[in-house]
Amino acid sequence: MKIPLKGLTVSCIAISLCSAYYLPQTQRPFDLIGVKFCPQTANMNRTNAALSQKELDKKYCSYEHKLLKRSMGE
């Protein structure tokens with residue numbers, strides 16, 4: 001039995017496009033907040049401090065982590 005690869009490919013693309021469009025639009029019962037963690041280098045007095053900071057920024061600062069927002073009134 002031969003599987004039709006073109007039909008399988010088209011259906012997989014259609015499912016992925018639909019899920020990419022509809023999933024972010026769902027309502028969540030909680031609030032999210034985006035947080036970036038950008039540490040400062042410990043090599044401030046060294047000659048390669050700018051390079052160290054650039055490497056840390058490339059590794060950590062480019063990603064945003066989603067966390068639950070804390071409500072202060074409750």
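Derivation of every value follows stated rules applied to the coordinates shown; laboratory data play no part. Computed from a predicted model, the values in this text were never measured in an experiment. Cβ: placed from backbone, ideal geometry, glycine included. Neighbour counts: every protein chain shown.
Other residues whose C-beta falls under 15 angstrom from the C-beta of E64 contribute a net charge of +4, scoring Lys and Arg +1 and Asp and Glu -1.
Please find the FRET efficiency linking I15 to K69, where r is the Cβ-Cβ separation and R0 is fixed at 35 Å, and quote it to the nearest 0.05.
0.65
The distance between label points at S52 and C38 comes to 1.9 nm (points 7 Å beyond Cα on the Cα→Cβ vector).
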